[in-house]
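Step one of this worksheet: look at the structure below.
The values are calculated or read from the model by the stated rules, or taken from the named source; none is laboratory data. Keep in mind it's a predicted model, so treat the numbers as computed, not measured. In this analysis, Cβ positions are derived from the backbone assuming ideal geometry, glycine residues included, and neighbour counts consider all displayed protein chains. Surface accessibility is based on the protein's heavy atoms, side chains included, excluding ligands, DNA and RNA. Shrake-Rupley method; radii C 1.70, N 1.55, O 1.52, S 1.80 Å.
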Amino acid sequence: MKQWKQTLSSLIHPLIALLIGFLAGAIAISVTGTPILQAYQEMWTGAFGNLYFLTSTLARSTPIILLGLGISLAFRSGYFNLGAEGQMVLGAVAAALTALYMPGSGIVKLLAAMAAGMIAGGLWSLLAAWMDAKFKVNLLISTLLLNYIASLFAGYLVTEPFKDTTGSAALAQSRMIEQGAWLPKLFAGMSLHAGFVLAVVIAILLTLLLRYTVFGYELKITGQNPLFAAYGGVNRTRVMILCMLTSGALAGLAGTVEVLGSQYRYIDGSLTAPGYAWTGLMATLLANSNPLGTTIAAVFLAALQTGAMGLERNTNVPLEISSVIQAALILFISARFTYSFLKRRKEEKNNGATV
Amino acid sequence: METILEMERITKKYGQFTANQEISFALREGEIHAIVGENGAGKTTLMRILYGMEQPTSGTIRIHGAEKRFANPAEAIDSGIGMVHQHFMLFPSRTIAENIVIGNEPRKSIWFDRKQAIAQVGALAERFRLPIAPGQKVGDCPLGTQQRVEILKVLYNGAKIIILDEPTAVLTPLEVKELLITLRGLAEQGKSIILITHKLHEVMEVADRITVLRNGRVTGQLEASQTTVEEVSRLMVGRELDGIRRETQQAGQPLLQVNRLFIRGKKGKPLLDHVSFHVRSGEIVGIAGISGNGQSELVQALTGLLPVDEGTVLLQGKEITNRSVKQIREAGLAHIPEDRYLWGTAKEASVKDNAIMGHHRLKEFQRGGILRQRKLDQLVTGWINSFAIKTSSLANKAQNLSGGNLQKVIVAREIGHATPFLLACEPTRGVDIGAMEFIHQQLMDKRNRGEAVLLVSSELSEIMTLSDRILVMFEGKVVGELNAETATEEQISLLMAGGKQP
Ligand SMILES: Nc1ncnc2c1ncn2[C@@H]1O[C@H](COP(=O)(O)OP(=O)(O)O)[C@@H](O)[C@H]1O
Ligand SMILES: [Mg+2]
């Protein structure tokens with residue numbers, strides 16, 4: 001009974017956010033003169049209408065899920081990882097180059113590439129964690145700034161030393177990976193690949209980690225009250241380092257599965273332009289850092305984008321409608337987030353005064 | 001003395017629940033009337049009714065014999081009633097004078113007359129002997145001063161009846177003393193004061209009459225001069241308090257040895273100045289002192305939360321100086337922290353998650369990093385029963401528990417570690433008498449089992465009842481050691497204030 005109530009009340013905020021998003025969307029749609037209901041119906045069809053649309057939506061959601069999970073994990077332990085984008089990009093480029101230059105059979109290349117992608121993302125995130133632990137450089141800022149370095153560096157790699165010179169066009173991209181090292185597709189002719197299964201499995205593992213393990217317990221407590229954790233003998237630096245490492249590794253994996261499962265090469269800007277990392281952050285915030293919730297939210301946000309494409313194909317409502325809905329969502333989420341952040345700060349201050 | 005206020009047969013129901021049941025009491029002009037009762041007894045509810053914040057379900061209020069009904073606080077203020085709230089409602093970025101005159105500002109044509117305001121507030125403070133600096137920003141003032149500002153605000157609005165709801169909860173002992181003197185002064189100048197508290201020593205010191213509430217009913221009305229703390233607490237709790245069972249026994253070997261502990265301060269003055277003492281098995285050593293004299297730093301240094309610059313700490317002969325919290329706990333220390341919300345719990349976490357801290361690492365409760373949930377559930381359920389902790393479930397969030405119940409969770413957890421040494425800081429701050437007695441008995445039982453307890457408390461009565469030996473801290477030093485059997489409250493107070501050991 002109590003459990004039910006708690007689950008229900010944790011759903012209220014996301015649902016209100018959705019309502020506001022769709023209301024904002026409805027206003028924008030009505031401006032174009034398309035009937036609102038028809039437009040949303042088109043959107044639904046575009047996202048889930050048949051196997052093709054459904055699998056495209058899920059394929060699009062794959063990197064978003066992995067990024068969201070990584071960010072959630074850091075959040076749950078009380079740390080901000082705003083560097084998921086850079087970690088993803090480095091993961092992607094590391095995976096691409098490993099798959100290209102690793103000797104051995106296809107499956108060896110695939111596994112090595114996945115490991116390399118996760119390690120690259122993880123180490124990049126670890127750099128920020130280390131600077132925080134060692135020099136008290138604020139994570140929020142360091143992770144954010146490291147994004148630029150990562151993107152520029154990856155861009156340099158594929159415009160200079162590892163540029164694809166086989167093709168005709170002078171694009172900033174690596175060569176194509178051999179087919180044996182690709183992640184398998186789940187359905188013939190559809191874009192959905194094994195990375196999606198991997199993402200869902202990881203979401204379940206994280207849920208189990210948080211609920212049933214010593215480390216998950218220490219991580220949650222550190223996020224809920226770091227002083228209580230320290231008092232109880234939890235090594236907070238260790239928790240931070242491990243969480244940031246894993247968080248970065250998951251972001252790196254997001255880039256990796258995009259490379260190995262759908263693009264088969266690293267193309268400069270192809271991961272940053274769609275704003276995967278920021279959509280992942282939104283999924284995390286919408287789901288209050290719950291791993292399974294983040295997964296669902298990520299699929300929903302991907303559906304918004306694929307649905308908007310369908311809408312644009314069939315009506316005169318432009319693709320940007322998904323941006324309108326997302327913007328309204330962001331506004332609501334950040335207002336709530338800021339509110340609870342300020343409330344917490346104030347409480348901390350009040351508590352501090354009595355010590 | 002003339003009766004100024006009568007509340008007659010006041011009943012207040014919240015749905016099925018009766019918070020006040022036919023409560024009657026009368027307030028005389030110029031008296032201090034204390035209303036005492038455990039948490040939840042209905043004191044605040046009664047005062048909210050008087051101040052027009054709640055409407056009674058039935059009953060009447062009379063002022064100077066005339067029946068009144070207050071639809072809101074403004075109407076109560078018009079009848080000369082003022083309330084000093086438990087949580088101050090002041091604007092920290094404005095000056096004291098501005099905070100006091102707000103809502104009723106002196107004006108020069110249409111403009112706020114700042115000079116006039118400062119002069120008026122200064123005169124008011126003078127008249128009632130409440131020292132303040134009218135031009136100072138409220139945010140820069142200590143809590144004791146902020147409270148004086150609240151009182152002055154009430155006086156400025158012309159209150160004849162002043163309600164103070166748990167005014168001493170946020171104050172230091174020295175500030176409490178000053179407040180009590182202020183209240184006496186106000187009463188002498190003809191103000192009638194309703195003082196709400198559950199600290200009986202304060203009541204005995206200052207009140208003329210006492211009304212005791214329990215479960216929403218009046219269980220006694222007494223003249224303060226003709227009763228005792230014991231009688232009042234019996235009326236509050238509804239049963240005889242057993243008192244603490246102390247077994248005489250010989251203290252054993254030193255368990256904790258602290259040698260010349262030193263922590264450098266930021267402003268030249270050391271936080272801890274070569275502190276040395278020991279605690280033997282089978283004894284409770286109390287550390288008395290006004291808070292802010294190095295007790296917090298000592299506790300944090302002993303528990304591994306604050307590094308020390310010089311000196312050593314030995315626990316069971318093993319050096320634990322500057323070790324990690326985990327290592328120190330494994331060496332045999334448990335710790336009830338001084339601030340249960342800041343250090344002792346995570347309030348958004350469940351009761352269970354709060355209770356298993358530290359236990360979650362033990363072999364018994366995990367296997368290869370996987371928590372053994374069933375065993376942990378059993379552990380915590382056992383405590384909930386044996387400590388009579390009121391919670392709806394293990395999954396209930398800690399923030400839904402009352403202060404006393406949450407404190408019991410912490411005490412259960414730390415006693416549950418069954419370590420040879422327990423560091424107990426403010427173990428009963430803000431909990432009601434029943435829970436206090438229970439917690440005291442737990443500490444005493446630990447001592448009686450031949451384990452050692454270091455008790456740090458700003459509550460002198462707590463130190464006096466429990467300790468075998470008493471150390472007094474002042475400005476980062478241990479300035480005196482007293483035998484608890486022979487020590488008097490005066491001796492300790494003097495040392496706490498920086499006086500010499502007689
Ligand atoms: N608005 C309310 N609705 C329901 N119950 C209330 C409300 N306000 C107070 N109570 C209940 O009334 C009882 C008395 O509360 P209160 O007057 O605050 O006690 P005290 O001030 O003596 O600690 C408590 O059990 C409390 O839970
Ligand atoms: Mg109260």
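See the values below:
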{"quantity": "Net charge dipole size for the protein assembly as shown [Lys, Arg +1 and Asp, Glu -1 on Cβ; Debye, nearest 20]", "calculated": "1500"}
{"quantity": "Of all DSSP beta bridges in the protein assembly as shown, antiparallel share, percent nearest 5", "calculated": "60"}
{"quantity": "In sequence order, calculated HN-Hα J values of the stretch B:149-155 (Karplus, 6.51, -1.76, 1.60; Hz; x Gly/Pro)", "calculated": "4, 4, 5, 5, 4, 5, 5"}
{"quantity": "Charge-dipole axis of the protein assembly as shown as Lys and Arg at +1 and Asp and Glu at -1 on Cβ define it, positive-most pick from B:Leu482, B:His64, B:Ser276", "calculated": "B:Ser276"}
{"quantity": "Average accessible area per residue (Å²) across the stretch A:49-119 - probe 1.4 Å, nucleic acids and ligands excluded", "calculated": "29"}
{"quantity": "Alpha-carbon centroids, the stretch A:46-76 and the stretch B:127-169: separation in whole Å", "calculated": "58"}
{"quantity": "Rounded to the nearest 10 Å², the accessible area of A:Tyr40 at probe 1.4 Å", "calculated": "50"}
{"quantity": "The stretch B:386-443 versus the stretch A:203-259: alpha-carbon centroid distance in Å", "calculated": "29"}
{"quantity": "Förster radius 41 Å - calculated FRET efficiency between A:Tyr212 and A:Tyr156 (Cβ-Cβ, nearest 0.05)", "calculated": "0.40"}
{"quantity": "Relative contact order (%) - criterion: Cα under 8 Å, at least six apart; region: chain B", "calculated": "14"}
{"quantity": "Accessible area that becomes buried as B packs against A, both chains, 1.4 Å probe, Å², nearest 100", "calculated": "2700"}
{"quantity": "Selected from A:Gly180, B:Ala41, A:Tyr231, residue furthest toward positive end of dipole (the protein assembly as shown; charges at beta carbon)", "calculated": "A:Gly180"}
{"quantity": "Quotient of Cα Rg and 2.2 N^0.38 Å for the protein assembly as shown, N being how many residues it contains", "calculated": "1.15"}
{"quantity": "Residues with amide H under 5 Å from that of B:Ser457, placed H, sequence gap 5 or more", "calculated": "B:Ile287, B:Glu426"}
{"quantity": "Kirkwood Rh, angstrom, the stretch B:17-93 [1 / mean 1/r, Cα pairs]", "calculated": "14.0"}
{"quantity": "Residue-by-residue Karplus 3J(HN,Hα) for the stretch B:97-103, coefficients 6.51, -1.76, 1.60, Hz, glycine and proline x", "calculated": "4, 4, 5, 6, 8, 4, x"}
{"quantity": "Kirkwood-Stokes translational diffusion coefficient of the stretch A:14-346, alpha-carbon pairs, 25 °C, 0.890 mPa s, µm²/s", "calculated": "120"}
{"quantity": "Axial C-alpha extent at least 24 Å, average Kyte-Doolittle at least -0.5 - helices from chain A (DSSP)", "calculated": "A:2-32, A:51-76, A:84-101, A:106-135, A:139-159, A:194-212, A:236-258, A:291-314, A:321-354"}
{"quantity": "Net charge over other residues, Cβ less than 10 angstrom from the Cβ of B:Arg280 (K, R count +1; D, E count -1)", "calculated": "-1"}
{"quantity": "Rounded to 5, the percent of DSSP beta bridges in chain B classed as antiparallel", "calculated": "55"}
{"quantity": "Positive-pole candidate from A:Ala95, A:Thr143, A:Thr306, dipole of chain A, charges at beta carbon", "calculated": "A:Thr143"}
{"quantity": "Modelled FRET efficiency - R0 25 Å, A:Met176 with A:Ile149, Cβ distances, 0.05 increments", "calculated": "0.40"}
{"quantity": "Cα long-axis angle, helix B:403-416 against chain B (0 to 90 degrees, to the nearest 10)", "calculated": "10"}
{"quantity": "Part-to-part distance (alpha-carbon centres) for the stretch B:450-502 and the stretch B:220-241, which is given in Å", "calculated": "27"}
{"quantity": "Net dipole in debye of chain B [+1 Lys, Arg Cβ; -1 Asp, Glu Cβ; about Cα centre; nearest 20]", "calculated": "1560"}
{"quantity": "Surface/4 estimate of mean projected area, convex hull on alpha-carbon atoms of the stretch B:397-502, nm²", "calculated": "7.7"}
{"quantity": "Helix-only [θ]222 nm of the protein assembly as shown, DSSP H runs n ≥ 4, -39500 (n - 2.57) each, per residue, nearest 500", "calculated": "-16000 deg cm²/dmol"}
{"quantity": "Relative contact order of the stretch A:14-346, pairs being alpha-carbon contacts under 8 Å that are 6 or more residues apart, as %", "calculated": "36"}
{"quantity": "Accessible carbon and sulfur surface of the protein assembly as shown relative to its total accessible area, %, 1.4 Å", "calculated": "57"}
{"quantity": "Zero-based 5 Å bins, Cα pair distances in the stretch B:286-411, whole percents", "calculated": "2, 10, 17, 17, 19, 15, 12, 6, 2, 0"}
{"quantity": "Longest DSSP-loop-exposure-free segment, trypsin sites (Lys or Arg not before Pro), chain B, at most 14 other Cβ within 10 Å", "calculated": "B:268-389"}
{"quantity": "Förster radius 60 Å - calculated FRET efficiency between B:Trp111 and B:Gln250 (Cβ-Cβ, nearest 0.05)", "calculated": "0.20"}
{"quantity": "Approximate spin-label separation B:Lys137-A:Leu23, in nm, with each point projected 7 Å along Cα-to-Cβ", "calculated": "3.9"}
{"quantity": "Cα-centre dipole for the stretch A:14-346 with unit charges at Cβ (Lys and Arg positive, Asp and Glu negative), debye to 20", "calculated": "1040"}
{"quantity": "Nearest-ten-degree value, helix B:433-448 long axis tilted from longest Cα axis of chain B", "calculated": "20"}
{"quantity": "Rounded to 10°, Cα long-axis angle of helix B:373-386 versus longest principal axis of chain B", "calculated": "60"}
{"quantity": "Value in Å of the Kirkwood radius, where the stretch A:208-334 supplies the Cα pairs that are averaged", "calculated": "17.1"}
{"quantity": "Relative contact order of the stretch B:394-468, pairs being alpha-carbon contacts under 8 Å that are 6 or more residues apart, as %", "calculated": "32"}
{"quantity": "Chain B: translational diffusion in µm²/s, Stokes-Einstein, Kirkwood Rh over Cα pairs, 20 °C, 1.002 mPa s", "calculated": "85"}
